[in-house]
Amino acid sequence: MAQAPKQAHSTIVITVAFVLLLGGSSVRANQHNEYEEIGIYPQREHSLTKPYQGSGMTIPNWDFIGNTMVTTSFIRLTTDTQSRLGGIWNKVPIYFPNWEVILEFKVAGHGKELFGDGMAFWYVKHPMQAGNVFGSADYFFGLGIFLDTYANQNGAHSHTHPYISAMINNATISYDHDRDGTHSEFAGCESKFRGVDHDTYLSIRYYNDSLTLRTDVDGSGNWEQCFHAEGVRLPTGLYMGVTAATGELSDNHDVISIKTYMLDAPYSASREDRSLIIPSAVDAAPHRDHAHDLPPPTSWLKFFFYSLLTIVGLAIVGGVGYVLYQKKQESSRKRFY
């Protein structure tokens, strides 16, 4: 009987240690490089990490387009040069319905106030198609996540740049660059991911027909939610890729790593063939046709300024004319006398 208190004490110590261990696992699960949560399974054929295996410009399971360059530390989709585009595409389609992709990337360049255009994450039916939507093709079928760094002055919107937005497309809608995609996005957030010295991360989680986007761009190591959208319908069997583009403005757009995980969702009795799903989003705003900008109305200040310039100009012309007239009259009088 005398040993009972010691046994109880030992039991308490073991219990506390076990709870702390679970707490430690929970903390570690939030780190980018360690996933110990139940139901998250790394997928090597859909992932890309340093050192990039392969010879020259070849990496197993991945293809490249455009001006992409592979180095030992990063994959540069575009250099800080005008009119460049590049992309990296996974050769293997994603057949599991629930997934998460952690994209480690870097966007930086010489521009201080003006830079562009940006980069994009894709989950689409047709990969390896260069185009004018951040380096990939318009009228895509699937999901596009756009990391837009160019602050277009044409479109009327309330957000600043850089800006992250999501678009679902069934191959019938065009991305409107003149409006920064505001006519077709279904969710988005401002994010200061450009021009920082630390690592920047983007998490795209698709789980049970919901899409959650999180960022870590401040170097804290913690995720910050950008948006969470329910009712997002995406088929299986599409391809993942990352592209980037520059125009008159430019930046270096680098991919450091891509880590893909299969998520283990609860059992569903549905027998739906998810490969036949047409991409859609419940919260997506209805498509609006492009409307050309009207010339801005002339303000009263501008009107006053232009009127003043006109009056001053007329006064100068009148003064010069009067002086010339006086000289002509004086010359005439001298000849008469």
#### Entry: Hits in the stretch 55-105 - residues which are under 30 Å from Glu272 (Cα atoms) and among the polar types (S, T, N, Q)
Asn61, Asn90, Asn98
### Query
All but one of (1) in a strand (DSSP E or B); (2) at pLDDT below 95 hold for Tyr150; which doesn't?
(1)
### Message
Here are the criteria: (1) surrounded by fewer than 16 Cβ atoms within 10 Å (Cβ to Cβ); (2) among the acidic types (Asp, Glu); (3) closer than 25 Å to Val133 by Cβ. Tell me which single one Asp197 does not satisfy.
### Response
(3)
### Pair list, Cβ under 8 Å, 6 or more apart: the stretch 51-67 residue closer than 14 Å to Gly87 by Cα and part of a strand (DSSP E or B), other residue modelled with pLDDT of 95 or more and among the basic types (Lys, Arg)
Trp62/Lys91; Asp63/Lys91; Gly66/Arg84
### Message
Tell me yes or no: at least one residue of the stretch 307-328 is at pLDDT below 70, outside any helix (DSSP H, G or I) and not β-branched (Val, Ile, Thr).
### Response
no
### Query
Does any residue of the stretch 86-97 turn out to be closer than 24 Å to Ser250 by Cβ and either in contact with a Pro (Cβ under 7 Å, 6 or more places away or on another chain) or exposed (fewer than 14 other Cβ atoms within 10 Å of the Cβ) (or both)?
yes
## Note on the structure
With criteria (1) under 30 Å from Glu272 (Cα atoms); (2) touching a Pro at 6+ places or on another chain (Cβ under 6 Å), Arg194 comes up short on (1)
#### Entry: Unmet requirement for Met128, which otherwise passes all of (1) assigned to a loop (DSSP other than H, G, I, E, B); (2) free of Cβ contacts under 8 Å to residues at least 60 places away in the same chain; (3) within 27 Å of Thr172 (Cβ to Cβ)
(2)
### Query
Considering only residues of the stretch 239-264 that are part of a loop (DSSP other than H, G, I, E, B) and of a type outside the set (S, T, N, Q), which is surrounded by the most Cβ atoms within 10 Å (Cβ to Cβ)?
Asp251
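Would you confirm, using the coordinates I've provided, whether Ile88 is farther than 17 Å from Glu104 by Cα and β-branched (Val, Ile, Thr)? So that I can check it myself, show each step before the final result.
Details: farther than 17 Å from Glu104 by Cα: no; β-branched (Val, Ile, Thr): yes.
The answer is no for Ile88.
What number of residues in the stretch 60-78 are under 23 Å from Gly144 (Cβ atoms) and β-branched (Val, Ile, Thr)? Break it down stepwise before answering.
At the first step, the residues of the stretch 60-78 found to be under 23 Å from Gly144 (Cβ atoms) are 61-68, 74-78.
Then keep just the ones that are β-branched (Val, Ile, Thr); that gives 65, 68, 75, 78.
Number of matching residues: 4.
The values are calculated or read from the model by the stated rules, or taken from the named source; none is laboratory data. It should be emphasised that the depicted structure is a prediction, and the values quoted were computed from it without experimental measurement. Quick reminder, even Gly has a Cβ in these numbers, built from the backbone with ideal geometry, and neighbours come from all protein chains shown.
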